[in-house]
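Right, one structure below, let's go through it.
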C-alpha cells in the first residue's frame, strides 16, 4: 500500500484500534467484533472492517477477529519491524512531560535522546532518556539511527531546529511549537498547537451553549 | 454564522492567522497581504481571503489588511467577549506542563482551576493556577463560571472525569487521555492522543524514506 493509498486518518484509526485492543475491556477477550471496536472508537463498524482489510488481516468479520492476531497484524502494518528511534528537542516543561509519557511505553517507538541548548539541562538522564547538547544532534542521530523527531522548543527556535533535524536525517517531525515549519519534500510534519486546540474547543463550547 | 457554517478547520486557521499577526514578522507591520499570511501558514492566499471575509473583516485585500484591525476582528469572532474560564483535571507531568504553557498567555482564555484526586497535589497554586480536590469540581466550576475543561488524567479515569465535567456545566473538553470520550449531545470534545500522533509521524517518516 503506497503513501497515497493510506490516509493520515486511516493510520490514526489503526493506532486507536490497537490501543483499544491493548488497553480497553476488549484486551481481555479472545476475539472481538468490528462493532465492538467501533463502539469504543469514533469509527463505524463498516469503517473498522475496511481498515482491518487494508492491513491485510485475514480473519472473518462474521466470526470475530482474534485479538492477538489482530494486534500483530496492525503492528506489522504500522510499525518499523526494526523499531523506530525518536529524539526530542527542547527539554522544557512540555518536553519533560512527553519524555515521561513515553518512558517505557512503546518498545518499538522509543525516545532515545533529548537535546537542548541549555548546558544545565543536558548530560544527564530524564525519565530514562539521555540528554545531550543540541550541537551533538547530528552525531547522536546517526549513531542511534534516529529518523523521527519531536520539537518542543519555543516558537522562535523551531524552524532552525527543524532544519537541523532534517540535516541529521530525520524524515518525520511532530511539532509542538506554534509555527508552521517549512521542510523539504520527503519530510513529513504534524503540528500540534496547544493554543489553537484550546481556542477551537472554547469556540465550539460557546456555540453549543447558544444553540 | 452558524455552527454548521464554520468548520473546525476554519476555526483552526483563524487561530493560526491571529497567532502569526501577534508573533511572527508580520506583527511589526502596519498592514499585511493575504499572500503574506498564507506564506507563514498552511493555507493559500485565496483561503486566507475567504476566511477573513467570513469573520466580517471589511478591509480591502488589494490594499492589504490593517494588522491591528484584523487581530481585533478575529478576536471578536473567536473569543467570548466576557473571556472564557478553563479548568484542567489531572495534575501530572502533562497537566503541569499545560498549566505552565498557558500561564499568563491568553487573558481571554485562562486556566483558572486545576483538580486532582491526590491530596498531595491540591490546595496550592501551580504556575499561578489554584489546585483543588476533584470533589470540589462542581462548586468551583459554578463559582468561576467554567465551561471549558482539559483532561490530563490516566486513560481509566478519563470517562468518569468527563462525566463530572459535563455535570458541572462544561460544554467543551480538550482530552489528552488515550480514550474516546462518550459525552451527551451539546458537548464538544477534541482528542489529542500523544501515542497516535507519534505513531502517525513514524509511519509516514518511514514511507517517505522508502519512496
List every residue pair whose Cβ atoms lie under 6 Å apart, where the two residues are 6 or more positions apart in sequence or sit on different chains, the first residue falls within the range A:115-126 and is free of Cβ contacts under 8 Å to residues at least 60 places away in the same chain, and the second residue, located anywhere, is assigned to a loop (DSSP other than H, G, I, E, B).
A:116/A:91; A:116/A:122; A:121/A:91
In the range A:162-180, anything surrounded by fewer than 20 Cβ atoms within 10 Å (Cβ to Cβ) and touching a residue at least 24 places away in the same chain (Cβ under 8 Å) is listed as A:164, A:167, A:168, A:169
Residue satisfying all of: in the range A:15-31; away from chain B (no Cβ under 12 Å) and assigned to a loop (DSSP other than H, G, I, E, B); surrounded by the fewest Cβ atoms within 10 Å (Cβ to Cβ) among these
A:30
Listing of helices (runs of 4 or more DSSP H) fully contained in the range A:137-211 that carry 1 or more residues being at the interface with another protein chain (Cβ under 7 Å from one of its Cβ atoms) and out of contact with any helix residue (DSSP H, G or I) (no Cβ under 7 Å at 6 or more places or on another chain)
A:194-210
Report those strands (runs of 3 or more DSSP E) wholly inside the range B:36-132 carrying at least 3 residues which are at pLDDT 90 or above, more than 14 Å from every other protein chain (Cβ to nearest Cβ) and under 24 Å from residue B:152 (Cα atoms).
B:109-116
Here are some residues: A:166, A:148. Which one is out of contact with any strand residue (DSSP E or B) (no Cβ under 6 Å at 6 or more places or on another chain) and farther than 22 Å from residue B:23 by Cα?
A:166
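The values are calculated or read from the model by the stated rules, or taken from the named source; none is laboratory data. Small disclaimer: the values here were computed from a predicted structure and weren't measured. Counting neighbours? That spans all protein chains shown, and the Cβs are built from the backbone with ideal geometry, glycine included.
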